[in-house]
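Working notes for the structure below.
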Amino acid sequence: MTRDRSIEQVILIEDVLLMIVALLLAHLVHGRLVGALGLKPPVDTREYAYLLLLYLPTWVFAAARLGIHLHSTLTGPRTQVVRLVLRTQVWGVAAIAVILVAAQTPLNRSLIGIFVVLSTLMLLAAKAVQRRWVTRHRGASRVLLVGEAPDEIAAEM
């Protein structure tokens, strides 16, 4: 395993742990907002096992497929990182929708909304920190292309 590959795997594991923390934080925030905004009381924490069992593998699949943990993504344009994070979150929301429809679990929609917003913001903040860390750890390089090069090669550089 190359050094870059091991760093990318650590970043993906960090992202998964961040999603678990975001779910726990969303549960706490939702519990505090229940009285203030008149939201439905949260369901038992054990009910969220369904959410993690389907959401996390789907999210990890989308994250790995879209490459939000890759060096080339993290050191690329910031708009690309944001776009890929949002696309990964859409995959996660689709997994949540499957849970709600197929499994008929009693999850609160307000809690899910809080989780999606909170996890997206936390993930974007984490990507900013990871970007700085990867750039410093790996070193950024600049390339000058002279002559004509296919768009794929220019984008890879």
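Side notes on the structure shown:
- Residue 27 under 11 Å from the mean Cα position of the chain (by Cα) and either of a type in the set (D, E, K, R) or modelled with pLDDT under 85 (or both): no
- Among the residues making up the stretch 53-66, those that are at pLDDT below 80 and open to solvent by 60 Å² or more (accessible area, probe 1.4 Å) are 53, 54.
- Residue 111, sole failed condition from (1) over 11 Å from the mean Cα position of the chain (by Cα); (2) within 27 Å of residue 36 (Cα to Cα); (3) open to solvent by 10 Å² or more (accessible area, probe 1.4 Å): (3)
- When the helices (runs of 4 or more DSSP H) confined to the stretch 67-157 are screened for residues that are modelled with pLDDT of 75 or more, those reaching at least 2 such residues are found at 71-74, 78-98, 109-138.
The values are calculated or read from the model by the stated rules, or taken from the named source; none is laboratory data. Since the model is a prediction, treat every value here as computed from it, not as a measurement. Protein only, heavy atoms only, side chains kept; ligands, DNA and RNA dropped before computing areas. Shrake-Rupley method; radii C 1.70, N 1.55, O 1.52, S 1.80 Å.
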